[in-house]
Amino acid sequence: MNPLFIALGLVALVVVMLIVIYNGLVAKRQQCNEAFAGIDVQLKQRQNLIPNLVETVKGYAAHEKETLDAVIAARNSAVNASNPNESAAAESLLGGALNKLFALAEAYPDLKANTNFIQLQNELSAIEDKLAAARRFYNAAVGDYNTAIEQFPAALIAGSFGFSGREFFDLGDDQRADLSTVPDVKF
């Protein structure tokens with residue numbers, strides 16, 4: 001065999017490997033983007049329900065302004081989040097505020113029986129389930145992507161073409177603590 005053909009074959013093999021690895025990394029990055037878009041859709045639905053929920057509670061618990069204002073402030077913070085880290089932090093605050101709102105509802109039997117409140121609470125619960133699934137999908141996509149850019153030989157290519165690791169969508173320690181404790185309502 002001619003050494004020139006062998007060299008050309010090796011170069012062609014390396015180029016094909018580079019293309020395959022690069023395209024695989026691009027596909028994984030896009031999967032992360034798509035997964036975050038799924039979280040974003042669920043968060044927007046959740047954020048759109050909250051004003052209706054707050055208005056329903058206001059009718060029954062007008063003197064609980066501090067709790068209601070905290071929910072609205074947390075919702076506004078979540079709406080204005082611009083990346084996964086900010087979004088996760090804002091959603092953590094919003095989750096804590098919603099827990100306090102639902103604990104407040106326990107103190108008002110008429111509110112608990114109100115069909116609008118029950119419907120909104122059920123819709124919010126369904127969205128929370130979808131949001132949890134979207135977070136799991138996003139975190140799995142990020143895990144696959146981060147693993148792919150750290151494995152050899154893709155690690156050599158990833159750095160050269162600007163592929164960088166992504167952050168997981170983490171609720172944070174405060175939200176984990178909030179989820180594990182029962183809210184305390186006192187009058």
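Just a few scattered comments:
- Residue check, Lys58 in contact with a Leu (Cβ under 9 Å, 6 or more places away or on another chain) and open to solvent by 40 Å² or more (accessible area, probe 1.4 Å): yes
- Any hit, region 111-134, residues being in a loop (DSSP other than H, G, I, E, B) and either within 21 Å of the chain's Cα centre (by Cα) or surrounded by fewer than 15 Cβ atoms within 10 Å (Cβ to Cβ) (or both): no
- Some residue of region 35-51 being open to solvent by less than 30 Å² (accessible area, probe 1.4 Å), touching a residue at least 40 places away in the same chain (Cβ under 8 Å) and over 30 Å from the mean Cα position of the chain (by Cα): no
- For region 11-30, the count of residues that are open to solvent by 40 Å² or more (accessible area, probe 1.4 Å) and over 21 Å from Ile157 (Cα atoms) is zero.
- In summary, Glu91 fulfils each of the numbered conditions (1) modelled with pLDDT of 85 or more; (2) open to solvent by less than 60 Å² (accessible area, probe 1.4 Å); (3) not hydrophobic (A, V, I, L, M, F, W, C) with the single exception of condition (1).
- Of the listed requirements (1) open to solvent by 70 Å² or more (accessible area, probe 1.4 Å); (2) of a type in the set (A, V, I, L, M, F, W, C); (3) more than 21 Å from the chain's Cα centre (by Cα), Ala154 misses just one: (1).
- Residue that is part of a helix (DSSP H, G or I) and free of Cβ contacts under 8 Å to residues at least 12 places away in the same chain, where the choices are Glu91, Glu55: Glu55
- Per-region count, region 126-151, residues free of Cβ contacts under 8 Å to residues at least 12 places away in the same chain and under 16 Å from Arg46 (Cβ atoms): 4
- Cross-chain or 6+ apart pairs with Cβ under 8 Å, region 1-30 first and basic (Lys, Arg), then in a helix (DSSP H, G or I) and open to solvent by 70 Å² or more (accessible area, probe 1.4 Å): Lys28/Asp144
The values are calculated or read from the model by the stated rules, or taken from the named source; none is laboratory data. Every value quoted in this text rests on a predicted model; they were computed, and no experiment measured them. Note that we place each Cβ from the backbone using ideal geometry, even for glycine, and neighbour counts take in every protein chain shown. Keep in mind that these areas ignore ligands, DNA and RNA; they rest on the heavy atoms of the full protein, side chains included. Shrake-Rupley method; radii C 1.70, N 1.55, O 1.52, S 1.80 Å.
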